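Contents: one structure, followed by commentary.
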Amino acid sequence: MAVNPLLIKAAVAVATDKRFWITLVSIIVGFLLVITSVVAVIINSFSFILGGKMDIGASAQYKEYVVEMKQKFDGIESEITSLNSKMNGETLESEHIKAVFYTLYFGDAKTNFDSAFYKRFVNCFVSRGKDEDGKEIIKPVGWTESYINIENLTGKSFSENHRNNVGELYYNQKYGSSKSDENYEVDNSEIDNSTGQYGSPFIGINWRNYITSEYGMRKNPTGIGEKMHTGLDIGMPKGTPINAVDGGVVLYAKRDITGYGYHLAIEHASGIVTLYAHCSELLISPGQKVAKGEVIAKVGTTGNSTGNHLHIEFLVNGKQQNPIKFLN
Ligand SMILES: [Zn+2]
């Protein structure tokens, strides 16, 4: 496992002086890059990556990095604006492009980029073609394609860790980090849309045909012996929409890299909570009221998972029970 050393450096500084970082970033960069889960993961990985060495006095230098990154973001932004004006109604995702740039170059004070580089960098996020009249058509490309282009441009590999870091930065920016690690305190009177009848997490699909692992004791997939499997696994392609099995209020929506990965929990009436784990995207926020059948997330394989699937749990008064007893 290799974590981008620049991001480790950043994480040390964040951990050392978080308040400084939050203030500075929100004032100067205007692009919130405070990422508690990345920080946690990187800090947990310290001992073997840094050999126990920790750069405590990084804050002053860190300030420089932030100012410098702000200038580089300006360079990128002007290229994004220019490309957006050439696209037919479609626009580039500025936060995603900046998250990729940040992940690659944060703290890289030695490298100075010129506008030609920013142009080439931003062009990694589009494809060019021609219409019937020979007119050029520019379109945004998907994340995976953009990473291949980035690898070709920089000559560096864009690893799984880079991708995870970009995901964290992007989703925290897009959905806000302030609430993502908190539990929303649900007032029972808010839950007036819970029917007590639980539908399929994949409307129109018979989930029974796609079970990859049942609830209960099973062979530990990552070690010796048996381990309790606290939910039901349903294998589905990445990006499949996940429906709320009943109405309720979102307790939390967390974007962890380990464990449950991107996961969320909904509180329903009668002390029942449903949990949806390993998602590729979370489409709701804590405190939000959701209707039965509403699309709340997309299937993925984030966290401790070996393939795309939904891990769904039913908690009754805080205790996990077999989801098969509830789902229809
Ligand atoms: Zn599972």
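Values in this text are rule-based calculations from the coordinates and carry no lab data. The structure presented is a predicted model; accordingly, all values stated were derived computationally and were not measured. With ideal geometry, Cβ positions are generated from the backbone for all residues, glycine too; neighbour counts draw on all protein chains shown.
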Taking the alpha-carbon centroid of each part, what is the distance from the range 138-160 to the range 90-129 in angstrom? 10
Phi to ³J(HN,Hα) by Karplus 6.51 cos²θ - 1.76 cosθ + 1.60 over the range 297-313, Hz, x for Gly, Pro: 6, 10, 5, x, 9, 6, x, 7, 8, 9, x, 5, 6, 9, 9, 10, 10
Identify the residues of the range 300-318 with backbone N under 17 Å of a label point that sits 7 angstrom from the Cα of Q288 along the Cα-to-Cβ direction, or state none. 300
For the range 188-325: rounded, prolate or oblate by the Cα gyration tensor [a/c cutoff 1.5]: prolate
Distance cut-off 20 Å, Cα to Cα: go down the list K227/K319; K72/K98; K219/K298; K292/K325 and report the pairs above it. K219/K298
May I ask you to compute the full-extension gain from S78 to K325, defined as 0.36 nm times their residue separation minus their alpha-carbon distance, rounded to one decimal in nm? 83.4 nm
